[in-house]
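Trainee: Mind having a look at this structure? Questions to follow.
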Amino acid sequence: MPNSATAGAFLLILAIVLPVSGVLLSLVLGGRHAERIALILMPAGLAVALTIAAAVWRTHNVLQYFVGNWSPPLGVAFRADGLSAAMMVTAAVLICGIGLFARGQFPSPQQSELRAPLVFWTLLPAVWGALNAVFIGGDLFNLYVALELLTFAAVPLVSLDGRAETLAAALRYLLFALLGSILYLLGAVLLYGAYGTLDIVLLSGHIQAGPIAWAAISLMTTGLLAKAALYPFHLWLPPAHAGAPAPASAILSGLVVKAPFFLVIRLWFDIMPRMPEPAAAQVLGILGAAAILVGSVVALRQVRLKLLIAYSTVAQIGYLFLMFPLAIKPEMGDPWNTTAWTGGVLQAISHAFAKAAMFMAAGLIAEALGHDRIAGLSGIGRALPITVFAFALGGVSLMGLPPSGGFVAKAMLLTAAVAEGQWWWAVVVLVGGLLAGGYVFLVLARALADASQPLTLLSPISPSRQGVVVALAVCAVLLGFIPLRPLELLQIGRPDIAVGGIR
């Protein structure tokens with residue numbers, strides 16, 4: 001880790017300033033210009049994310065920026081390692097795709113200002129900026145602030161249509177998020193009182209296993225699990241994601257729930273790499289396994305397409321937490337298993353693309369039919385073949401079939417489970433894949449069946465919007481061409497990992 005600001009570190013500030021400037025300009029200029037502002041900023045933000053990733057890859061080092069030129073613990077640091085760069089590129093690509101898709105659902109009016117377009121196009125860059133702040137934050141308190149900004153930008157997206165049920169879902173989401181924030185902040189206070197700093201790098205060099213450290217980590221992890229909707233903290237997610245408009249559902253499921261998971265990784269693998277606790281990691285694995293099984297079974301029983309996809313998100317989040325019991329292996333003399341760790345990260349990225357594509361495909365189907373009842377999907381495969389194809393591609397990744405990113409991620413988790421002698425996690429992964437196949441094929445069977453009477457679409461679906469959905473689904477599949485080994489980019493900046501000699 002460099003001890004001073006690095007060349008090109010101004011890009012880290014730009015990754016936050018660009019979205020924030022979009023929010024401010026939208027509020028000043030009004031809703032009729034908010035869409036145009038967001039669409040102009042999207043390619044610029046994508047270019048910044050790609051440049052940061054290229055700089056991290058080229059230098060094989062962490063990009064670091066000290067705010068005000070004050071180094072920690074007096075100052076605040078922004079840092080981008082390989083994991084940060086990968087997540088920033090994922091977020092940028094998805095935000096660009098979702099923005100292009102949302103133009104058909106939230107067009108900016110030419111004469112008067114409407115509430116929904118103004119709110120959506122203002123909050124879209126707000127979510128983006130908060131996500132970037134999470135991905136590059138180097139201080140636990142500033143990460144708390146970034147998480148709160150993300151929450152207050154994401155919650156209104158749930159209730160854009162103003163219906164009573166979506167307002168109730170948004171309030172439930174807010175309550176769970178605030179509970180998680182309180183627990184996280186309590187843990188941060190304990191760490192600051194014990195060590196006098198909240199900088200991640202400084203903490204990692206001073207933290208020691210003990211009651212205070214474990215109490216703090218436990219509180220912070222529990223709060224983040226509530227925000228990530230890991231079972232049994234998932235109660236807010238299905239109504240919130242299923243009731244939101246399709247672009248908002250894609251943002252929430254594809255990106256927002258990944259931010260707290262990202263911070264759990266920071267806590268467990270960056271702050272405390274030398275004090276792992278296998279028993280606690282097993283608890284996270286058990287919760288993940290329960291999420292996979294319960295979420296998949298409940299998804300099979302749904303009658304609405306968006307609710308099915310929402311419960312599928314609950315299940316797929318569970319795979320992310322299987323990496324903890326598989327990656328932490330102090331008895332082997334290594335701090336962690338890079339194959340399991342890489343599998344968990346790839347699962348997060350592939351799920352982001354697949355689930356965003358599936359939610360947007362479901363939104364197009366609901367627009368065309370006027371409903372999303374699974375029993376009434378007969379004939380939609382002929383009417384919207386491209387949309388149904390995109391849904392199927394996303395389902396391939398969820399099931400873990402080759403070639404897809406989900407296949408690579410789950411294969412890595414299976415490999416780690418066998419190598420570590422923890423065969424029960426392999427059984428969970430395989431059973432989860434079979435259950436995912438069940439609810440995906442249930443939808444496809446209905447969609448490809450012949451309609452009992454000629455199908456009339458309520459509104460035409462533009463080819464460009466369908467093209468965006470297919471493009472994101474194809475991204476989830478292209479991730480399957482990544483070699484089945486730890487990725488060098490993701491290991492840059494990892495504690496106790498030599499990039500040239502990845503295990």
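Laboratory data are not the source of any read-out in this text; all were calculated from the coordinates shown. Just so it is clear, the structure is predicted and the values come from calculations on it, not from any experiment. Here Cβ is always computed from backbone atoms with ideal geometry, including for glycine, and neighbour counts include all displayed protein chains.
Trainee: Taking the Cα centre of segment 213-353 as the origin, how large is its charge dipole in debye, to the nearest 20, when only Lys and Arg (+1) and Asp and Glu (-1) carry charge on their Cβ atoms? Before the final figure, lay out the partial values.
Mentor: Details: 8 positive and 4 negative charges, 92 e Å.
Rounded to the nearest 20 debye, it is 440 debye.
Trainee: Follow-up. Once the Cα atoms of helix 423-448 and of the chain are each reduced to a long axis, what angle between those two axes, in degrees from 0 to 90 to the nearest 10, is obtained?
Mentor: 20
Trainee: In angstroms, what radius of gyration and Dmax does segment 247-308 have, counting Cα atoms only?
Mentor: When restricted to Cα atoms, segment 247-308 yields Rg and Dmax of 15.5, 47 Å.
Trainee: Using 10 Å bins from zero, what percent of all Cα-Cα pairs in segment 1-138 falls into each bin?
Mentor: For segment 1-138, the binned pair fractions read 13, 40, 27, 15, 5, 0 percent.
Trainee: Something else now. Compute the distribution of all C-alpha to C-alpha distances in the chain, in bins of 20 Å from 0, and list the percent of pairs in each, rounded to whole numbers.
Mentor: Final binned percentages: 25, 59, 16, 0.
Trainee: For the chain, what does the helix formula give at 222 nm: sum of -39500 (n - 2.57) over DSSP H segments with n ≥ 4, over the residue count, nearest 500 deg cm²/dmol?
Mentor: Details: 21 runs with 345 residues, N = 503.
Computed mean residue ellipticity for the chain: -23000 deg cm²/dmol.
Trainee: What ratio of Cα Rg to 2.2 N^0.38 Å holds for segment 393-503?
Mentor: Working it through for segment 393-503, the quotient is 1.45.
Trainee: How many angstrom lie between the C-alpha centres of segment 31-56 and segment 349-421?
Mentor: Measuring centre to centre over Cα atoms gives 27 Å.
Trainee: Also, quick follow-up: Evaluate the charge dipole of segment 1-138 about its Cα centre and quote only its size in Debye, nearest 20, assuming +1 on the Cβ of each Lys and Arg and -1 on the Cβ of each Asp and Glu. Mind showing how you got there, number by number?
Mentor: Working: 6 positive and 3 negative charges, 26 e Å.
Dipole size: approximately 120 debye.
Trainee: Quick check: the angle from helix 463-478's long axis to the longest principal axis of the chain, C-alpha only, nearest 10 degrees?
Mentor: Taking Cα atoms only, the helix is inclined about 40 degrees.
Trainee: Another question about this same structure. Counting Lys +1, Arg +1, Asp -1, Glu -1, what net charge surrounds R79 among other residues with beta carbon under 13 Å of its beta carbon?
Mentor: On the way: positive: R266, R494; negative: D81, D139, D199, D270.
Here the count lands on -2.
Trainee: Here is a further query. What does the charge dipole of the chain about its Cα centre add up to, to the nearest 20 debye, if the Cβ of each Lys and Arg holds +1 and the Cβ of each Asp and Glu holds -1?
Mentor: Values: 25 positive and 18 negative charges, 160 e Å.
Its charge dipole is roughly 760 debye.
Trainee: List, in order, the whole-Hz ³J(HN,Hα) value for each residue of segment 404-421 obtained from phi through the Karplus relation with A = 6.51, B = -1.76, C = 1.60 and θ = phi - 60°; use x for Gly and Pro.
Mentor: With coefficients 6.51, -1.76 and 1.60, one gets 7, x, x, 5, 4, 4, 5, 5, 5, 5, 5, 4, 5, 4, 5, 5, 8, x Hz.
Trainee: Counting other beta carbons within 10 Å of each residue's own, what order do K306, K227 fall into, fewest first?
Mentor: K306, K227
Trainee: Next question. How far is helix 164-195 tilted, in degrees, relative to the longest principal axis of the Cα atoms in the chain, given as a value from 0 to 90 rounded to the nearest 10?
Mentor: Helix 164-195 and the main axis of the chain meet at about 10 degrees.
Trainee: Going toward the positive end of the dipole of the chain, with +1 on Lys and Arg Cβ and -1 on Asp and Glu Cβ, which of I13, L202, V298 do you reach last?
Mentor: V298
Trainee: Ok, one more. Any idea which of W423, S464, L284 is furthest toward the positive side of the dipole for the chain, if Lys and Arg beta-carbons carry +1 and Asp and Glu beta-carbons -1?
Mentor: Highest projection toward the positive end goes to S464.
Trainee: Calculate the spin-label point distance for L434 paired with F481, positioning each point 7 Å from the Cα along the beta-carbon direction, and give it in nanometres.
Mentor: Going from the F481 label point to the L434 one covers 3.3 nm.
Trainee: Let me ask you something else. Return the distance in nm (one decimal) between the two label points of a simple spin-label model at A164 and E488, each offset 7 Å from Cα along Cα→Cβ.
Mentor: About 6.0 nm separates the two model spin labels.
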